[in-house]
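Below: the structure, in C-alpha cells.
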Amino acid sequence: MKTIIISGTPGTGKTSVSKLILKALNAKLITLNELVIKEGLILGYDEIRETSIINKRKILRRIKSLISQYKKDTIKYLIIESHFSDIIPNRYIDYAIVLRCDPDELFKRLEKRGYRKEKIIENVQSEILGNCANYIINKGLKKPVLEIDTSCKKVEDIAKIVVDLIVLRIDSRGYEIGKIDWLEKLYYKNRLKEYFD
C-alpha cells in the first residue's frame, strides 16, 4: 500500500482534491480533521484561534491502527489529508503533496467559508510564510515531496495532476517543493503590510 499525504493551509483545496483522487485511485481516505472530531482525539479547544487542540499521541496511535487494517485489506493507496498531516511518521509516507494558493485568492476562499477576519489573516499569513510546506520540508523525507499551486486551477485538474504524478509517474519538474514563494512576490509588490502589521 502506498500512502499519500496531502497538506496545505485551510482553503487550498485539500479535501476536494483528495475526494477526487480517492475515486480515481479507488483508494481509502483519512481526513484527519474529521477523524479527530469524530473520535474525540482532542485535548481541548482554543477559543481565541477557534480551533481544536489535537491529541497527537492518540491520533498517531489511531493512524497506525488504520494503516495496519488497510494493509490487510490490500488497499493499493491510502490518502491522508489535513493541514497537520505532517505529523504522520516518515516511515508511513510514500508521497507528500503540499497544495498552495495565492494569498489574495485564499483570502476570498476563506471569506466565502465565513471565517472571521482574524482567522482569515492568520491562515493567509501561514500560507505566505509557507508553514505547511516548511513542516514537510523539515521532515527530511526521502520520498517524492511535491507542491502544487491551486490558485487558478479547477479541482479536477489538480486531482489529475496528482494522479498523473503518482500513477503515471509523469515528469515532476515544476512541482518540486520550495518553488512557490508568496513572501517574495508580496515583498516586491510592496504589499506585505496588507497581511502583516
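Bear in mind these aren't lab numbers, they're just calculated from the coordinates by the rules spelled out. Keep in mind the model is a prediction, meaning the values are calculated, not measured. Reconstructed Cβ throughout: ideal geometry from the backbone, glycine too, with neighbour counts over all protein chains shown.
Rg and Dmax, both from the Cα atoms of the chain and both in Å, are 16.7, 54.
Annotation note: GluC sites (Glu not before Pro) in the range 1-76 located in DSSP loop regions with a Cβ neighbour count of at most 16 within 10 Å are GLU39, GLU47, GLU50. Helix 103-112 and the longest principal axis of the Cα set of the chain meet at an angle near 80°.
Rounded to the nearest 10 degrees, the inclination of helix 56-72 to the longest alpha-carbon principal axis of the chain is 40 degrees. Ordered by the count of other Cβ atoms within 10 Å of each Cβ, fewest first, GLU184, GLU81 give GLU184, GLU81. Dividing the mean sequence gap of close Cα pairs (under 8 Å, 6+ apart) by how many residues the range 39-144 holds gives a relative contact order of 25 percent. Here the dipole of the range 1-159 is about 860 debye; that uses its Cα centre as origin and unit charges on the Cβ of Lys and Arg (positive) and Asp and Glu (negative). State the antiparallel share, in %, of DSSP beta bridges confined to the range 1-95, rounding to the nearest 5. So the antiparallel bridges in the range 1-95 amount to around 30 percent. Against the longest alpha carbon principal axis of the chain, how many degrees, from 0 to 90 and to the nearest 10, is the axis of helix 117-129 turned? Orientation of helix 117-129: about 70 degrees from the principal axis. Contact order, relative form, for the chain: 30 percent (alpha carbon pairs under 8 Å, 6 or more residues apart, mean separation divided by residue count). Centroid-to-centroid, using Cα positions, the range 1-17 and the range 70-148 are 6 Å apart.
Rank the residues THR31, THR51 as a footprinting-exposure proxy: fewest other Cβ atoms within 10 Å of their Cβ go first. Please report the intermediate quantities before stating the final value.
Values: THR31 19, THR51 15.
Lowest to highest Cβ neighbour count: THR51, THR31.
Put simply, the amide H of THR3, placed in the peptide plane, has neighbours under 5 Å in LEU78, ASP94, TYR95, leaving out anything fewer than 5 places away on its chain.
Put in order of Cβ neighbour count within 10 Å, fewest first, the listed residues CYS132, CYS101, CYS152 become CYS152, CYS132, CYS101.
For the range 1-99, what is the relative contact order in percent, using Cα pairs closer than 8 Å and at least 6 residues apart in sequence? Spell out each step's value before the answer.
Working: 143 pairs, mean separation 55.5, N = 99.
This gives 56 percent for the range 1-99.
Go through LYS71/LYS143; LYS64/LYS108; LYS64/LYS119; LYS108/LYS143 and tell me which ones have a Cα-Cα distance over 29 Å in this structure. The partial results should precede the final answer.
Details: LYS71/LYS143 19 Å; LYS64/LYS108 36 Å; LYS64/LYS119 32 Å; LYS108/LYS143 33 Å.
Result: LYS64/LYS108; LYS64/LYS119; LYS108/LYS143 exceed 29 Å.
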